[in-house]
1. If the requirement is being hydrophobic (A, V, I, L, M, F, W, C), touching a Cys at 6+ places or on another chain (Cβ under 7 Å) and over 19 Å from ILE291 (Cα atoms), which of these qualifies: ILE267, ILE278?
2. Restricting to region 135-165, what's the tally of residues that are in a loop (DSSP other than H, G, I, E, B) and either closer than 23 Å to SER90 by Cβ or of a type outside the set (Ser, Thr, Tyr) (or both)?
3. Give me the residue from region 63-103 that is in a helix (DSSP H, G or I) and aromatic (Phe, Trp, Tyr) and, out of that set, surrounded by the fewest Cβ atoms within 10 Å (Cβ to Cβ).
4. Which one is nearest to the chain's Cα centre (by Cα), of the residues in region 205-238 that are charged (D, E, K, R) and surrounded by fewer than 24 Cβ atoms within 10 Å (Cβ to Cβ)?
5. Does SER61 satisfy the criteria of being within 16 Å of the chain's Cα centre (by Cα), at negative phi and of a type in the set (S, T, N, Q)?
6. Look through region 1-19, keep the residues that are in contact (Cβ under 8 Å) with a residue 60 or more places away in the chain, small (Gly, Ala, Ser) and assigned to a loop (DSSP other than H, G, I, E, B), and return whichever of them is surrounded by the fewest Cβ atoms within 10 Å (Cβ to Cβ).
7. Condition first: within 21 Å of the chain's Cα centre (by Cα), within 19 Å of ASP168 (Cβ to Cβ) and acidic (Asp, Glu). Can you find one or more residues in region 249-264 that meet it?
8. Condition test on ILE35, is it aliphatic (A, V, I, L, M), more than 30 Å from ASP157 (Cβ to Cβ), crowded, with 20+ Cβ neighbours inside 10 Å and out of contact with any Pro (no Cβ under 7 Å at 6 or more places or on another chain)?
Amino acid sequence: MARELRVKFLGVRGSYPVASKIFLKFGGNTASVLIETPHIFVIFDAGTGIVNIPSMIKNSSLPIILLFSHLHLDHIIGYPFFTSQLKPSSDFYVAGPNFPSDFFKFMVDTFKSPIYPISWGQIKSPKMIFALDGGESLIIYKGRVSLEERRDFEHSDRKVIISSLRSDAHPEDGILIYSIRYNGKKIVYATDVEWKGRLDRKTKNFMKGCDLLIHDAQYTPEEYNSKSSSTKGFGHSTYVKSCEVAKEVEAKNLILFHHDPTHNDSIIEEIEKEAKKIYPNTIAAYEGMEIRV
């Protein structure tokens with residue numbers, strides 16, 4: 001069994017999905033990332049891209065855990081369509097922020113009539129739901145998922161360690177940033193973040209030295225600083241800020257993520273080109289992209 005992390009991008013857009021020939025290269029689905037480990041499938045967010053995952057993992061008996069960064073519509077809308085495709089025998093876990101309201105209640109209340117025709121009780125139910133306040137770790141060992149109230153665990157090739165950090169970098173309700181560690185490798189998922197200046201010590205330490213930083217890069221500096229239509233306060237970063245964060249935390253590689261739905265392929269290509277001038281090991285995420293860590 002390969003001791004590596006395989007990262008697959010199934011949805012890379014923010015806000016809402018798009019479909020047109022001008023978006024074909026980078027794709028139009030909203031946020032969803034699959035990480036395949038030897039012990040479990042880890043999924044970050046359930047945007048529209050998640051509906052493609054069940055067919056990719058149908059022949060595996062590995063457990064599955066879905067992690068929500070926050071509960072805005074573009075990150076949850078694919079959830080019921082994903083669960084409806086899972087095998088009845090699948091060991092399926094869900095984790096997400098227990099803020100600004102009760103996580104379990106939110107999930108049950110959201111996916112029912114008139115929003116969705118099938119009730120929570122009729123769709124594939126998780127084996128366990130973890131409501132996270134930020135600061136906890138989920139330990140995957142011998143097919144079991146357990147919750148620990150700390151993050152200071154050593155790397156191991158026998159355990160997958162998923163840690164959470166609550167951040168106020170997404171206005172109003174906050175967000176969870178995640179790291180996944182396995183066999184000496186570390187991936188950080190930090191979408192929907194808008195930093196005010198440099199990172200605080202806790203956030204910097206959480207991200208520091210990661211092999212792969214998946215970071216929000218929704219805006220250009222011009223969009224962010226526009227006097228007529230500024231996007232400041234919306235809870236998202238520019239590609240320049242993403243590069244600055246990558247430098248600050250000494251990330252080995254940076255993935256620009258959560259592309260603005262108005263950005264066509266040409267715009268994102270230009271963003272990637274400019275970002276590489278700041279941080280050479282940068283790639284703009286596109287649907288179907290696979291990276292091995």
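Coordinate-derived values only; no laboratory data. What you see is a predicted model, and the numbers here were worked out from it, not measured in a lab. Here the Cβ is made from the backbone with ideal geometry for all residues, glycine too, and neighbour counts use every protein chain on show.
1. It is ILE278.
2. 13
3. PHE81
4. Result: ASP211.
5. The answer is no for SER61.
6. By that ranking, first place goes to SER15.
7. no
8. In short, no.
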